[in-house]
Every structure is written in C-alpha cells, then in structure tokens.
Amino acid sequence: MELDTWHAAPGERIPNHPSFAVLIYHDVEAARGGAEECRDLFAEHGWRGSWVDGVFDFHHFHSTSHEVLGVVAGSATLELGGPQGRAFEVGSGDVLVLPAGTGHRRAASDAAFTVVGAYPAGQEDYDLLRGDDPAEVERARERIAALDAPPQDPVGGEGVAGWR
C-alpha cells in the first residue's frame, strides 16, 4: 500500500480543508477484494455509514464529515478541490480520504466504476453542499475548521495521523 497526499487550495465556492491534506492510497488489497471486503476494512477502523455506488458528476463537498471513497471496480477521473483543483485518475484498489470541505466530482468513468463510501463514527449524518450560497459557504468553513481529525485511518495507514 502506497500513500500520496495533495492539499487542495481554498476556493470561493468550494472551501476545501484549511489544513488537512487529501490522502490517496494505492494498491489497497481490501478495495481490490470488492465492496464487502472494503466495507469491512473501513468498519474495522471505525468508519461507518458505508454505501456502494458511484460519485456525483457535479462539484460538491461535505462540511460536517470527512469521507473515504474506496474504488472497488472500474476506473474514473475524479476532480478534487473544486473548479480550482485538479483531476486524478483512480482505479480499483485506490482509496481516497477526503477531509471535510474537499470538493469532489466524477468527470469521467467507465461503466464498471464503483466506490464504497464511509464516514468516521459519529459523522454519518453528512451534509451535501454545492457552494451556491456564499453565506452558506462561510458557515460551512466554520464547521469544517472545527471538525477534528478522526481517531483512526480508514485503511489502517498513517495518513490520518498527519492530520493531528
């Protein structure tokens, strides 16, 4: 398992996290093992509320929770950080840990593209914001900055420890 990090710059519509970097793990065995194995890995490390689906094709972010996305099938181009961000090619076995506020959207994908998503325990009731209302974005920035790092990394790696 290999870890890359990237820090998304703040934006007007998509705030991104002021200090936590995006974590991108490659070659995560459980993600290659399919949805159930990936869900089990996340749950083992305290990430709950899991679901299996794709990624929305519009820029959005969450201000009340961090999110993990495990690619269990197919491949895609995901744009992270909002319009001011960058595109990442992801495929089966990749796991992205998005700190609260990180913009994300699916720019393109093959027909098989499937992810498992989950949230730290206690953050399963996430919001979904597009950044359309400047006043809401400002309130979201406050919630994002107040949200602590989760106690455990969703794949058992060292990435989330760098958020403390």
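Values for this structure:
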| read-out | value |
| --- | --- |
| Charge dipole (debye, nearest 20) of the stretch 2-159; +1 at Cβ of Lys and Arg, -1 at Cβ of Asp and Glu | 360 |
| Debye, to nearest 20: dipole size of the stretch 1-74, +1 on Lys, Arg Cβ, -1 on Asp, Glu Cβ | 280 |
| Helix 35-44 axis, angle to the chain major axis (alpha carbon atoms, nearest 10°) | 70 |
| Computed helical MRE - 222 nm, the chain, DSSP H runs ≥ 4 contributing -39500 (n - 2.57), nearest 500 | -4500 deg cm²/dmol |
| Over the chain, equivalent-ellipsoid semi-axes from the Cα gyration tensor in Å | 23, 18, 14 |
| Helix 134-146 axis, angle to the chain major axis (alpha carbon atoms, nearest 10°) | 60 |
| Full-extension gain in nm, PHE58 to HIS26, via 0.36 nm per residue minus C-alpha separation | 9.1 nm |
| Fluctuation leader among VAL55, VAL72, VAL115 - the chain, Gaussian network, Cα springs under 10 angstrom | VAL55 |
| ³J(HN,Hα) computed for each position of the stretch 100-107 - Karplus, 6.51 cos²θ - 1.76 cosθ + 1.60, integer Hz, glycine/proline x | 3, x, 6, x, 7, 6, 8, 8 |
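Every read-out reported here was derived from the displayed coordinates using simple, explicitly stated rules and does not represent laboratory data. Because the structure is a prediction, the values reported are computed rather than measured. Here Cβ is always computed from backbone atoms with ideal geometry, including for glycine, and neighbour counts include all displayed protein chains.
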